[in-house]
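So the structure is just underneath, and the comments pick up after that.
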Amino acid sequence: MAATLVVTLSTYAGIDLRGELLTINPHLPKAWDEIKFNTQYRGTRFHFTMDHQRIVITSDQSTEIQVKNQRIALTANQPTTIEYQDGAPMKGLVFDLDGVITDTAKFHYIAWKNMADSLGIEIDEKFNEQLKGISRIESLEKILAYGGKADLYNQQQKLALADEKNREYVELLEQLTPGDILPGILSLLDQADALGIQCAIASASRNAPHILEKLGIKERFAHIVDPQTLTHGKPHPEIFIRAAEAIGITPQQAIGFEDAQAGIEGIKGAGMFAVGVAVDEPLQGADILVDTLAGLQLSDLMRR
Ligand code: B16
Ligand code: MG
């Protein structure tokens with residue numbers, strides 16, 4: 001019984017009696033709503049009530065205590081409430097761009113459709129789904145294979161076709177304004193700022209910096225991975241690992257946001273927590289699935 005209690009206090013309440021101050025670093029199991037306990041330290045009696053967001057501490061003498069690196073002064077017999085972030089120490093957000101921050105799939109589709117038409121290949125919106133999250137040149141290769149024309153073009157011709165498609169795509173991007181930011185994104189960026197959490201972009205798009213500038217939010221990202229510097233495309237985890245590295249955290253400390261199956265596989269392959277944004281088709285393997293990021297609370301995600 002005593003052993004169980006000690007384990008509970010040291011593991012879940014994160015009680016540490018070794019330092020100058022009584023220190024707590026709580027991490028309650030998800031299944032527990034609340035714990036309450038008393039303890040005594042250097043002659044002062046403490047009563048704790050902890051849930052996943054706050055700790056209420058009452059001590060019988062005025063003293064100090066440390067909660068998650070924060071020094072807190074306690075007044076004798078007066079309950080003090082401390083808000084805290086529970087769960088794994090999440091320190092960064094890694095966002096895909098197209099389909100998560102803004103919807104440029106419609107512009108990709110127009111430009112690819114025009115390109116395919118000019119080659120005598122007919123594609124539709126259902127086929128376009130397969131192009132989400134994959135690189136420009138891979139998209140072209142898929143279109144050529146779909147039209148049975150994969151062998152008709154050499155590498156140089158393919159690059160020229162991809163450039164041509166990109167020119168039309170970039171013209172279409174001129175229409176983008178801050179009003180095209182998808183719901184929930186600005187709130188997530190604000191919440192991250194408030195918590196001192198950095199954000200990075202892990203997009204297959206070489207146009208990502210330009211798109212973010214058009215949306216007026218480029219400066220809100222500490223890093224944008226340059227997909228041209230990568231060895232592998234999604235679903236390989238490389239882009240997500242690089243994004244986490246660039247903001248100085250491990251993938252396990254990051255939450256990844258994706259709308260494409262290839263991206264979810266990359267996020268999970270990197271070892272991140274994956275939020276899937278699935279509007280039409282469900283995504284396999286995401287830790288949570290939403291149809292919009294509107295209303296999402298980082299404090300809820302961090303508790304998982
Ligand atoms: P670009 P994401 C991806 O962006 C798109 O989903 C995909 O359709 C596109 O082919 C790719 O970017 C490359 O884009 O031609 O601009 O370099 O979803 O990874 O943000
Ligand atoms: Mg995407």
- Enumerate the pairs (first residue in segment 198-213 and under 21 Å from Glu174 (Cβ atoms); second residue anywhere and more than 9 Å from ligand 1 (Cβ to nearest atom) and part of a helix (DSSP H, G or I)) with beta-carbon separation below 6 Å, excluding pairs fewer than 6 apart on the same chain, so at least 6 apart or on different chains. Leu212/Lys218
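Of the residues Ala204, Ala262, Ala194, only one is at pLDDT below 95, closer than 22 Å to Asn128 by Cα and over 13 Å from the mean Cα position of the chain (by Cα); which? Give the derivation first.
Numbers: Ala204 fails: at pLDDT below 95; Ala194 fails: closer than 22 Å to Asn128 by Cα.
Residue meeting the stated conditions: Ala262.
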- Near pairs, Cβ below 6 angstrom, 6+ apart or cross-chain, from segment 113-135 (of a type in the set (A, V, I, L, M)) to any residue that is in a loop (DSSP other than H, G, I, E, B) and surrounded by 14 or more Cβ atoms within 10 Å (Cβ to Cβ): Ala116/Ile123; Ile121/Gly147
- Query: Which is in contact with a strand residue (DSSP E or B) (Cβ under 9 Å, 6 or more places away or on another chain), small (Gly, Ala, Ser) and either at positive phi or at pLDDT below 95 (or both), of Gly285, Gly295?
  - Reply: Gly285
- Message: Would you confirm whether or not segment 81-102 contains a residue that is farther than 27 Å from Ser187 by Cβ, free of Cβ contacts under 8 Å to residues at least 60 places away in the same chain and surrounded by fewer than 20 Cβ atoms within 10 Å (Cβ to Cβ)?
- Response: no
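The values are calculated or read from the model by the stated rules, or taken from the named source; none is laboratory data. Computed from a predicted model, the values in this text were never measured in an experiment. Every residue, glycine as well, gets a Cβ built from its backbone with ideal geometry; the counts of neighbours run over all protein chains shown.
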